[in-house]
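Notes follow once the structure below has been shown.
Bear in mind that the values in this text are calculations on the coordinates, not laboratory data. Owing to the predicted nature of the structure, the values given are computational and were not obtained by experimental measurement. In this analysis, Cβ positions are derived from the backbone assuming ideal geometry, glycine residues included, and neighbour counts consider all displayed protein chains.
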Amino acid sequence: MDRDVFLARVGRAAMTGLLPTSPEVSASLPELEPADLVGLFRDSLQKVDGVAHGPVSGHGAPVVVSGIASGHGCSTFMAWDDLPAPGVAAELTAEGLERVDHDIEESSRLQHQLGYVPLSLGVTGALAGLADSGSLVLSHGPGRPRMASLVPEVHVALLRVADLDRTLSMWAHNHPGAAAETANLVMVTGPSRTGDIEQQLNLGVHGPRHLHVVLVS
């Protein structure tokens, strides 16, 4: 079929097509047995090849993050501006790591992005943690670059214990406007993983090879 004819048909269908009616959504959630959310999150994260630390105080978090960086031999890092613990970036800088700036001008974007290739550590916060799956909910925007959780070999996320929810459904029910308040909302479950044609699981091919979550009390 001719390309222009095909695209014209797709355009007409998009203009006249109707979406099916959405089913009614229950206003209530299923009741679950009470659970230790911290313990459940730690166990779930371990099952998806992530590592949990803490809970630690906000003032203790920088030392934990610095220890993770040292353990992986990191030399450069990118961090969100508004982390849920003070002094993390300053601690990493004091330990000799070079901070990579994420705020760049459009004219120098390509040249700057080429400098991300050797970036070894990304430090982010997290909007929420989902205890049943060990997942993180990340919301990106100004001061919260996506590159910090996508490009480095090691991703460290700081998560407040108060921001733990049991399931994705419970979190969405408790925060109905979260998706509309950001241009980029993602769920992260463990390190990046992919399977090849021989069904061999590989970590770190399309993102971080290591995921650490520091629980902040």
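Its alpha carbons give the stretch 32-181 an Rg and a Dmax of 16.1, 55 Å. Each peptide among 50-61, 9-20, 153-164, 175-186 gets the average number of other Cβ atoms lying within 10 Å of its residues, and from highest to lowest they stand as 153-164, 50-61, 175-186, 9-20. On the beta carbon distance between LEU7 and ASN174, with R0 = 25 Å, the FRET formula returns roughly 0.05. Any idea how far the Cα center of the stretch 27-52 sits from the one of the stretch 117-159, in Å? Using only Cα atoms, the two centres lie 19 Å from each other.
The label-point distance for ALA94 and MET15, in a model that sets each label 7 Å from Cα toward Cβ, rounds to 6.4 nm.
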